[in-house]
Each structure stands twice: as C-alpha cells, then as structure tokens.
1. If the cut-off is 28 Å between C-alpha atoms, which lysines fall inside it for Lys102, apart from same-chain ones fewer than 8 positions away?
2. If you take the charge dipole of region 80-179 about its Cα centre, with +1 on Lys and Arg Cβ and -1 on Asp and Glu Cβ, which of Gly152, Ala134, Leu162 is farthest toward its positive end?
3. How much accessible surface does Thr35 have with a 1.4 Å probe, in Å² rounded to 10?
4. Where the accessible area of region 49-179 is counted over protein heavy atoms with a 1.4 Å probe, how much of it, in %, is carbon and sulfur?
5. Is region 16-55 rounded, prolate or oblate when judged by the Cα gyration tensor, a ≥ b ≥ c being the square roots of its eigenvalues, rounded requiring a/c under 1.5 and prolate requiring a/b larger than b/c?
6. Rounded to the nearest 500, what is the 222 nm mean residue ellipticity of the chain from helices alone, with -39500 (n - 2.57) per DSSP H run of 4+ residues and division by all residues?
7. Expressed as a rounded percentage, what relative contact order does region 94-179 have, with Cα pairs under 8 Å and six or more residues apart?
8. Determine the per residue accessible area of region 1-111 with all protein chains present and a 1.4 angstrom probe, expressed in square angstrom.
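The values are calculated or read from the model by the stated rules, or taken from the named source; none is laboratory data. It should be emphasised that the depicted structure is a prediction, and the values quoted were computed from it without experimental measurement. Note that we place each Cβ from the backbone using ideal geometry, even for glycine, and neighbour counts take in every protein chain shown. Accessible surface areas use protein heavy atoms only, side chains included; no ligands, DNA or RNA. Shrake-Rupley method; radii C 1.70, N 1.55, O 1.52, S 1.80 Å.
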Amino acid sequence: MADPALNELPVIQDLSLPLERDVFMRTLIRELSGTLQDVVGLEEAAGFISVVGQRVGDQINEDYRTALQVEQLDRRQVAEVLVDLKRRIQGDFYIVHQDDEKIVLKNRACPFAEKVIGRPSLCMMTSNVFGVIAAENLGYAKVVIEEAIARGDAGCTIVVHLRPTENAMAADGREYLQA
C-alpha cells in the first residue's frame, strides 16, 4: 500500500527554485573568481580573468567588425559597440562623454548582477573587452575603472583613454595596444 504522506510532497519539477542557466552560470563564474581570489590573491585572479577577457574581447571585436562589414571601427562605433555589447548581456552602460582622447561610460547594472559583489577581479572582463576593442580599432587604450559595483559602489564609471596623454598616464588602469 502506498504511503499517503508521499502524495502530499510537491512534485520536484514544479518547485520554485532560483535555478536556471543564467543564474547557474553567473554563480559558477562568481565562485571560480572567488576561489581564484582566495587562493592566489586579487591581483593574480585579475590576471587570470584578464587573459579570458582578452580572448573574449578579440572574438567580440571580430563579430562586430564582421556584422558592420568594416575592417576597423571608428571612435563613434567603438563607443556604441561598448554600450551595445553590455546591453546584450544585460548590463546598463551608457556614454557620459566622448572625444578624441577618451570615452567615459557609466553603468547601472552589472551583467553578473548581484554575483559580482565582492568579486572585483571580474571587472577585468570589462577592462579587457573594452581595452581590446578600443586598442584594436583605434591603436591605443587605457581602461580605468573609477567606480565598480563589485567594490560596493552604486554603479560603475569606466574611462577608456584613447591616447597616452598626461592624464591617461597618471590614471591607475590597464593599457592596451593594437596587436
């Protein structure tokens, strides 16, 4: 005879759980970056993540160039690509200012969502992707992350210097050169 208590249990596949591919992947990346930060330190973790960011940046750059049918993006296109690629992965970046020396962007929502909190090494993905795209198309970039949700700020402020000016050289960021 069947146990009547079994009939009262919810059906597993009908359970309301915060588990789907996006949350799983963001959690996986958060835990990988956290483990790296804990094992090798923040600087080394950021270095490992920057290698991945370099490869992702190369691929995204090629994808946009192919889609736009151009050999190189101009400054306006680079700025638009930076905003668009983040929009496509559920970031909320927008351009505050741009000229021949720099592009300044702000962000209200990280693509990693709440999983980025306490994982500033993940900001190397943004730095490298932005830096690679800008440098490969415009010759030079220095990416400065002035504010970051990962560090507890309300939003992000990213400055992409396009020329090695005195201000760019004085800023604490990562430089990228055209390959």
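1. Within reach: Lys86, Lys142.
2. Gly152
3. 80
4. Accessible surface attributable to carbon and sulfur in region 49-179 totals 48 percent.
5. On the way: a/c = 5.54, a/b = 1.88, b/c = 2.95.
It comes out oblate by the Cα gyration axes.
6. -15500 deg cm²/dmol
7. Once divided by the residue count of region 94-179, the mean separation gives 34 percent.
8. 71
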